[in-house]
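Peer 1: Below is a structure I'd like to ask you about.
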Amino acid sequence: MSQHSNTTVRVGWRSPANIALVKYWGKHGRQLPANPSISFTLSRAFTETLVEFSPKDHRDAPILKSFTFAGAAYEAFARKMERLLESITDMVPFLEKYQLSISSDNSFPHSAGIASSASAMSALALCLVEGEYLLEGEAFDPERERNRISEIARLCSGSASRSVFPHLAVWGTHSDIEGSTDRYAIAFPYEVHPVFDRWKDDILLVSEEVKAVSSSAGHELMNHHLYAPVRYDQARANIRDLSRALQEGDVERFGQIVEEEAMTLHGLMMNSRPSYMLLLPETVRVIHELRRWRAASGCPVYFTLDAGPNVHLLYPQTHREQVDNWMQEHLQVYLDKGRILRDEVGEGPFRV
Ligand code: PMV
């Protein structure tokens, strides 16, 4: 391969957030998961990242030339980005020869309490690998490079490894999931029952404040958590059962597992040492309302939570109108600014 070290190239990718159905919580080594996880890839909550690669004019020039988020310079983000890029040069060695000007923006408000690292880091990984190909003068086929892209994304943020794939992605070795590995995520390898086509994820913004505990600090607390071994067994059993439910079209079992996972994630936070709690009173109220209404209406709507107080409502597209009416009448009152981010399972990243 010939290195075109005098060339400047620009690339851009839009990559979505994802919502874990079985959660990754706890890690070891170089960003390896303590248990396998599976997620729905979202669609409307995404990050768009543009990267310009220009040759370094001297060997010691920093990798990062400039960084903007939503059109403004953010010193703290820029420093974090610089450290991140330096930490992955073994995976992306061409970075040693180039300087990067990065501009990034989210489709959802930065303070919306949605984990933006998955969309941001998967978009970055896509830009880095495409940039490498272009600078080598080679054609880039994202399909062929997905595993490597996912691995680079994983090194930046574990959950980002899953955002590279459409619909459903699995990250972490599991004996029932063919091809699964701790190194990168894969697309869910089995045929999914049509009842799971076109699922919705309405994100109820109970609070729009930036979360109080970073996920790195949360993962860290699992290292000495009393319940860690039991939790990791539970996650593996849940992956096995969820995989079956998805293939067989068992919506009720799907819902039980997804809700158990959300409660377990927050339970583990509450009984960590030190303990912390990200749920708000409104989160609990929404969950009570949901359970009540589901029992009364029979509507297949289930909740999950990320590491924050906002509630994700998962349900099939066919129940959209019914859920809409109920949300407006009963849930709006619990939301900070009354906002709901209406998302759905999506097709994965694409070029911009
Ligand atoms: O990717 P991280 O390190 O931000 O961790 C994400 C952890 C959860 O969002 C809580 C669960 C998950 O699997 O996405």
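Peer 1: Got a sec? Which of SER119, SER150, SER180 is touching a Phe, Trp or Tyr at 6+ places or on another chain (Cβ under 6 Å), away from the ligand (no atom under 12 Å from the Cβ), of a type in the set (S, T, N, Q) and touching a residue at least 24 places away in the same chain (Cβ under 8 Å)? Steps first, please.
Peer 2: On the way: SER119 fails: away from the ligand (no atom under 12 Å from the Cβ); SER180 fails: touching a Phe, Trp or Tyr at 6+ places or on another chain (Cβ under 6 Å).
Result: SER150 is the single residue among SER119, SER150, SER180 that is touching a Phe, Trp or Tyr at 6+ places or on another chain (Cβ under 6 Å), away from the ligand (no atom under 12 Å from the Cβ), of a type in the set (S, T, N, Q) and touching a residue at least 24 places away in the same chain (Cβ under 8 Å).
Peer 1: Please go through segment 17-45 and give me each residue that is outside any loop (DSSP other than H, G, I, E, B), out of contact with any Ser or Thr (no Cβ under 6 Å at 6 or more places or on another chain), farther than 19 Å from LEU246 by Cα and within 11 Å of the ligand (Cβ to nearest atom), ordered by number.
Peer 2: Result: LYS27, PRO33.
Peer 1: On the given criteria, is SER117 modelled with pLDDT under 95, touching a Cys at 6+ places or on another chain (Cβ under 8 Å), in the same structural domain as GLU82 (by TED's automatic domain parsing) and within 30 Å of THR283 (Cβ to Cβ)? Before the answer, list the steps.
Peer 2: Working: modelled with pLDDT under 95: yes; touching a Cys at 6+ places or on another chain (Cβ under 8 Å): yes; in the same structural domain as GLU82 (by TED's automatic domain parsing): yes; within 30 Å of THR283 (Cβ to Cβ): yes.
Yes.
Peer 1: For the subset of segment 1-16 comprising residues that are surrounded by fewer than 24 Cβ atoms within 10 Å (Cβ to Cβ) and in a strand (DSSP E or B), which member is nearest to the ligand (Cβ to nearest atom)?
Peer 2: For segment 1-16, the residue satisfying everything is ARG14.
Peer 1: Can you name the condition, by its number, that PRO166 falls short on among (1) closer than 26 Å to ILE287 by Cβ; (2) within 19 Å of the chain's Cα centre (by Cα); (3) not aromatic (Phe, Trp, Tyr)?
Peer 2: (1)
Peer 1: Shifting gears a bit: Regarding GLU282, is this residue of a type in the set (Asp, Glu), surrounded by fewer than 16 Cβ atoms within 10 Å (Cβ to Cβ), touching a residue at least 24 places away in the same chain (Cβ under 8 Å) and outside the structural domain of ARG146 (by TED's automatic domain parsing)? Please lay out each step first, then the result.
Peer 2: Numbers: of a type in the set (Asp, Glu): yes; surrounded by fewer than 16 Cβ atoms within 10 Å (Cβ to Cβ): no; touching a residue at least 24 places away in the same chain (Cβ under 8 Å): yes; outside the structural domain of ARG146 (by TED's automatic domain parsing): yes.
Answer is no for this residue.
Peer 1: Which of the residues spanning segment 302-339 are open to solvent by 30 Å² or more (accessible area, probe 1.4 Å) and hydrophobic (A, V, I, L, M, F, W, C)?
Peer 2: VAL333
Peer 1: Write out, first by first residue and then by second, each pair whose Cβ atoms fall under 7 Å of each other, whose residues are 6+ apart or on separate chains, and whose first residue, in segment 89-101, is on the phi > 0 side of the Ramachandran plot while the second is not in a helix (DSSP H, G or I).
Peer 2: Cβ pairs passing all conditions: none.
Peer 1: So ALA245 fits all but one of (1) more than 16 Å from the ligand (Cβ to nearest atom); (2) out of contact with any Pro (no Cβ under 9 Å at 6 or more places or on another chain); (3) open to solvent by less than 20 Å² (accessible area, probe 1.4 Å); (4) within 27 Å of MET121 (Cβ to Cβ); what number is the exception?
Peer 2: (4) is the only condition that ALA245 fails.
Peer 1: May I ask you to verify whether VAL206 is β-branched (Val, Ile, Thr), in a loop (DSSP other than H, G, I, E, B) and open to solvent by 30 Å² or more (accessible area, probe 1.4 Å)?
Peer 2: no
Peer 1: Return the total of residues in segment 216-233 being surrounded by fewer than 17 Cβ atoms within 10 Å (Cβ to Cβ), at pLDDT 95 or above and closer than 18 Å to LEU305 by Cα.
Peer 2: Result for segment 216-233: 0.
Peer 1: Going residue by residue through segment 122-131, is there one that turns out to be away from the ligand (no atom under 14 Å from the Cβ), open to solvent by 20 Å² or more (accessible area, probe 1.4 Å) and over 17 Å from the mean Cα position of the chain (by Cα)?
Peer 2: Looking through segment 122-131, none of the residues is away from the ligand (no atom under 14 Å from the Cβ), open to solvent by 20 Å² or more (accessible area, probe 1.4 Å) and over 17 Å from the mean Cα position of the chain (by Cα).
The values are calculated or read from the model by the stated rules, or taken from the named source; none is laboratory data. Nothing here was measured: the structure is a model prediction, and the numbers come from that model. We place every Cβ from the backbone using ideal geometry, glycine too, and count neighbours over all the protein chains shown. Accessible surface areas use protein heavy atoms only, side chains included; no ligands, DNA or RNA. Shrake-Rupley method; radii C 1.70, N 1.55, O 1.52, S 1.80 Å.
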